[in-house]
1. Take segment 25-70, compute every pairwise Cα distance, and split them into 10 Å bins from 0; I just need the percent in each bin.
2. Considering only DSSP beta bridges where both residues belong to segment 416-525, give the percentage that are antiparallel (nearest 5).
3. In Å and from the alpha-carbon atoms only, list the Rg and Dmax of segment 191-274.
4. Around ILE246, under 13 Å between beta carbons, what's the net of Lys plus Arg minus Asp minus Glu among the other residues?
5. In a Debye calculation with equal point scatterers on the alpha-carbon sites of segment 434-526 and no solvent, what is log10 I(q)/I(0) at q = 0.10 Å⁻¹?
6. Rank these by accessible area, largest first, 1.4 Å probe: HIS40, HIS349.
7. Please calculate how many Å² of accessible area segment 56-164 carries per residue, with a 1.4 Å probe and no DNA, RNA or ligand atoms counted.
8. From zero up to wherever the largest Cα-Cα distance of segment 112-229 sits, split into 10 Å bins and tell me the percent of pairs in each.
Amino acid sequence: MKTEKQKELVSLCIEAACESRESVEKWRRQRRSLEKLPSHLADSLLRHLRRRRLLFPSLLEVFKHNVETIELRGENSVDAEWMAYLAAFHYLRSLNVADCHRVTSSSLWALAGMTCLKELDLSRCMKVTDSGISHLISISTIEKLFIPETGVTANGVALLSSLKNLSVLDLGGLPVTDVALSSLQVLTKLQYLDLWGSKLTNKGAAVLQMFQELSFLNLAWTGVTKLPNLPYLECLNLSNCTIDSILEGNEDKAPLTKISLAGATFINEAEAFLYLETSFLSFLDISNSSLNGFQFLPQMKALEHLDLSTSLMGDDTVELIACIGGNLRNLNLSKTRVSSAGLEILAGHLPNLETLSLSETLINDVAISYICLMPSLKVIDLSNTDIKGFFQQVGAEADLVLSLMVLQSLNHLEKLNLEHTQVKDVALSPLLSFKELRHLFFRSSSLTDASLCNLSSLSKLTSLGIRDTVLTNSGLGLFKPPSTLKSLDLRGCWLLTEDALLVFCKSYPEIEVRHEFVSISPADQIGSNRPPPLRISSRASQANQKQERMALPEYFVGEKECFYYNILPDAVSFSSYSCFLIFAKPDQRLKYNIEELLGLQFSSLSVEMARDRGEVLL
């Protein structure tokens with residue numbers, strides 16, 4: 001109890017010290033006291049200053065005797081002046097200036113000769129070139145170096161052979177040639193090597209056998225078609241490569257645990273997995289690949305994550321997934337030919353499955369009756385399917401049976417995606433009993449105020465998306481969000497006005513609201529305990545739309561970060577590309593005449609009267 005109170009007191013002190021520029025000025029002159037500050041407290045204070053936008057170059061000087069880790073990723077103000085102050089840190093072990101676009105090769109000169117620096121991240125600092133590398137090679141203590149998507153050429157890569165202690169090296173997106181890689185053979189301690197998008201060929205790939213401790217290798221988007229056996233390899237990425245054979249050889253097979261072959265083209269499917277040791281394989285991504293057959297799946301009994309999205313998997317081969325067994329935790333079948341009949345085959349065979357993605361498949365409501373037989377499910381994605389929310393009954397007088405009701409047996413369900421389905425208000429009433437639901441997403445012009453108002457009863461809901469719906473100002477005004485709600489996405493709800501959104505945001509400042517009329521900048525919250533101001537402008541809307549186009553899908557971030565980031569204890573850098581097509585959506589207002597539009601926007605009696613009578617609106 002005493003320890004917890006001490007932590008709380010320390011936290012309050014740090015918060016007070018970072019309250020404003022005035023509070024910073026009060027303590028920054030107390031040099032001797034700051035020099036005695038324990039390292040972990042100095043690190044915490046520095047992080048708080050950065051988060052509140054109170055950190056500036058000269059202030060760094062007071063931390064030079066005790067801070068060991070500095071995280072400045074994406075700070076556009078970081079330049080040569082900052083780097084000069086950072087170079088004076090006596091015990092600095094880790095420095096991250098990734099995406100700091102004002103960092104140049106000349107600014108790295110200040111770091112030359114540092115004696116404690118072990119980790120340096122310069123990812124996407126485009127102004128760092130070969131001359132910058134010439135400054136870094138004097139830091140013999142570096143063990144982890146990240147320089148993907150910089151201005152470094154093959155000649156600069158060759159200079160890295162001087163850093164004999166390197167165990168993690170990220171060269172993603174650099175024009176690394178066979179000759180340049182050959183010059184790195186002396187780096188015998190390498191465990192993590194990222195070469196995506198390089199100019200490496202099969203000849204250069206043969207050099208990889210010289211790295212005896214290599215456990216992570218990324219060769220995505222390269223010309224490598226044949227990869228020799230690497231006996232200690234645990235994680236391999238050959239995404240978007242043309243593959244002939246993988247880890248070919250008669251020696252001890254590599255104990256692979258994770259492999260990504262997304263977007264790969266297979267020359268010889270029969271031999272593609274011939275040399276792989278699959279008994280340890282827990283992660284397999286063959287999404288968007290050219291594979292026609294999946295006969296290798298039953299041998300992969302240890303699989304926990306399987307991504308088959310945009311593949312040729314269908315009802316005729318889905319039985320091979322059922323053969324994997326009870327270890328499977330995450331299954332992605334999005335954009336495959338799997339239908340409700342395929343889900344029937346899987347039912348009962350995946351007792352520990354936690355995440356199921358069926359977006360853009362051929363399933364309908366019948367599939368839900370089979371999904372409920374997967375008792376451990378926490379995340380279900382049914383977006384872009386023919387789900388209507390009720391079972392099709394035979395006979396004209398048959399009772400309406402709500403299909404989502406059968407999901408009530410899933411006691412662990414936390415996230416449900418029903419975007420671009422055909423569900424209507426009445427079909428959502430079973431959701432009110434899903435007490436563990438934390439994330440819920442809709443996107444349909446068939447939903448109205450009734451759906452939003454009744455979702456107030458979901459006591460653990462933290463994020464809600466109800467996009468492109470027929471919500472009115474009165475409906476938003478009647479909505480009483482649960483106390484746990486942190487994010488509300490109302491984009492495409494065209495009947496909502498700026499004034500109504502402004503009132504809602506002021507009433508619930510802790511909720512992040514997304515709409516074309518509203519933009520809340522996180523920077524506005526820094527350094528102040530007051531609710532963040534609202535910015536209402538078309539420019540903000542355009543910025544949000546641009547960010548939406550560029551954002552990675554959530555399943556990619558959650559699962560593939562797990563693949564790329566958790567390979568080595570502290571290896572935390574990977575670069576990837578994705579491409580999305582944005583289609584213009586027809587204006588929903590075309591469905592109504594002017595009288596109907598006005599009635600929808602300003603009517604509130606029906607909703608309010610139902611509320612007064614205590615009726616459930618769904």
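The values are calculated or read from the model by the stated rules, or taken from the named source; none is laboratory data. Here the structure is a predicted model, which is why all the values come from computation and not from measurement. Using ideal geometry, Cβ is built from the backbone for each residue, glycine included, and neighbour counts are taken over all protein chains shown. In case anyone asks, the SASA skips ligands and DNA or RNA and just uses the protein heavy atoms, side chains included. Shrake-Rupley method; radii C 1.70, N 1.55, O 1.52, S 1.80 Å.
1. For segment 25-70, the pair-distance distribution reads 28, 65, 8.
2. Numbers: 1 of 17 bridges.
If I count the DSSP bridges inside segment 416-525, around 5 percent turn out antiparallel.
3. Looking at segment 191-274, its Cα Rg and Dmax stand at 11.4, 30 Å.
4. On the way: positive: LYS226, LYS253; negative: ASP244, GLU248, GLU269, GLU271, GLU277.
After counting each charged neighbour, the total is -3.
5. Debye intensities relative to I(0), on a log10 scale: -0.23.
6. Values: HIS40 125, HIS349 90 Å².
Sorted descending by solvent-accessible area, the residues read HIS40, HIS349.
7. Working: 3980 Å² over 109 residues.
Value for segment 56-164: 37 Å² per residue.
8. Using 10 Å bins, I get a P(r) of 14, 52, 29, 4, 0 for segment 112-229.
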